[in-house]
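I have placed the structure first, in the form of structure tokens, so that the comments after it can refer back to it.
The values are calculated or read from the model by the stated rules, or taken from the named source; none is laboratory data. Quick caveat, the model's predicted, so the values are computed rather than measured. Here the Cβ is made from the backbone with ideal geometry for all residues, glycine too, and neighbour counts use every protein chain on show.
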Amino acid sequence: MKFNPKEYNRVIYVIGSLKNTNVEVVANRLRKDMGPDVEIFDSWKSCGPDADDYWRDYEKAKGLTYKEALNSWAARHIFEFDDFHLQRATDVVAIMPFGKSGNLELGVSLGRGKRGYILFNETPERYDVMLGFCTDVFFNYEDLVVELKNPSIEVKNLIDVNAIKSQIGEYTVPSLKGSEEYKKGYSDAVAKLYGIIEGKK
């Protein structure tokens, strides 16, 4: 099956914890409220709430240290998947509560010049002045949507989707999967893909 994603000029990446069930609730509301011309990306959530725990236990059962596990094929592919879509995004919305990964994703996105927001589920007991790095923070969903719909926001898609499709489409479900020809072709396609990404930064 050929990879044929819909093209969007605006992509909102929803950041959050795998165990936070409010992520998909907010993402689905955003899909409805932002309309069909805006992609709401939360596909990282499809692996389920315990994916990180299973990955940790799997690598520990093989005798790997945490550092070694971070350099495993599984970890690298998952990291590249998330980072690819973070780079593709025009905005990121972090849904509280979230942990270290969410903070890193939000910070990296802001550093790349994207708009980054936090949606709180409640007012925290401890205040944090470094939230000043964010584009804005919100304590109710409706105010967030007003901001995201602000017509003065400049939308710029950072990744050429057509270029991505042309580079990796034929390797999505190849007939030669597992063969040396497939491995070389897939590696070449991924290398070209990340060349495209690097050129768009």
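Taking the stated definitions as given, is Val23 touching an Asp or Glu at 6+ places or on another chain (Cβ under 9 Å) and more than 25 Å from Asn140 (Cβ to Cβ)? Criteria not met by Val23. Checked against the criteria, Asp33 does not count as over 26 Å from Pro5 (Cα atoms) and either touching a residue at least 40 places away in the same chain (Cβ under 8 Å) or among the acidic types (Asp, Glu) (or both). Just checking, does the stretch 8-21 include any residue being over 20 Å from Ile95 (Cβ atoms) and either at pLDDT below 95 or touching a Pro at 6+ places or on another chain (Cβ under 6 Å) (or both)? Checked the stretch 8-21: at least one residue is over 20 Å from Ile95 (Cβ atoms) and either at pLDDT below 95 or touching a Pro at 6+ places or on another chain (Cβ under 6 Å) (or both). The set of residues in the stretch 62-71 being assigned to a loop (DSSP other than H, G, I, E, B) and more than 20 Å from the chain's Cα centre (by Cα) consists of Lys62, Gly63, Leu64, Thr65. Has the stretch 43-61 got any residue that is of a type in the set (S, T, N, Q), assigned by TED's automatic domain parsing to the domain that holds Asp83, outside any strand (DSSP E or B) and closer than 20 Å to Asp83 by Cα? The answer is yes; a qualifying residue exists.
For the stretch 89-140, a tally of residues being surrounded by fewer than 17 Cβ atoms within 10 Å (Cβ to Cβ) and in a loop (DSSP other than H, G, I, E, B) returns 16. Residues in the stretch 8-49 that are out of contact with any His (no Cβ under 9 Å at 6 or more places or on another chain) and surrounded by 14 or more Cβ atoms within 10 Å (Cβ to Cβ): 25 in all. Condition check for Thr65 on (1) of a type in the set (Ser, Thr, Tyr); (2) in contact with a helix residue (DSSP H, G or I) (Cβ under 8 Å, 6 or more places away or on another chain); (3) free of Cβ contacts under 8 Å to residues at least 40 places away in the same chain: one failure, at (2).
Against the test of being at pLDDT 95 or above, of a type outside the set (Val, Ile, Thr) and more than 20 Å from the chain's Cα centre (by Cα), the options Tyr141, Tyr117, Tyr186 yield a single qualifying residue, Tyr141. All of His77, His85 fail the test of being outside any loop (DSSP other than H, G, I, E, B) and exposed (fewer than 13 other Cβ atoms within 10 Å of the Cβ), apart from His77. Taking each residue of the stretch 70-92 that is farther than 14 Å from Gly116 by Cα and assigned by TED's automatic domain parsing to the domain that holds Leu18 and looking for partners that are β-branched (Val, Ile, Thr) and surrounded by 12 or more Cβ atoms within 10 Å (Cβ to Cβ) with beta-carbon atoms closer than 7 Å, six or more apart or interchain, yields Phe84/Ile197.
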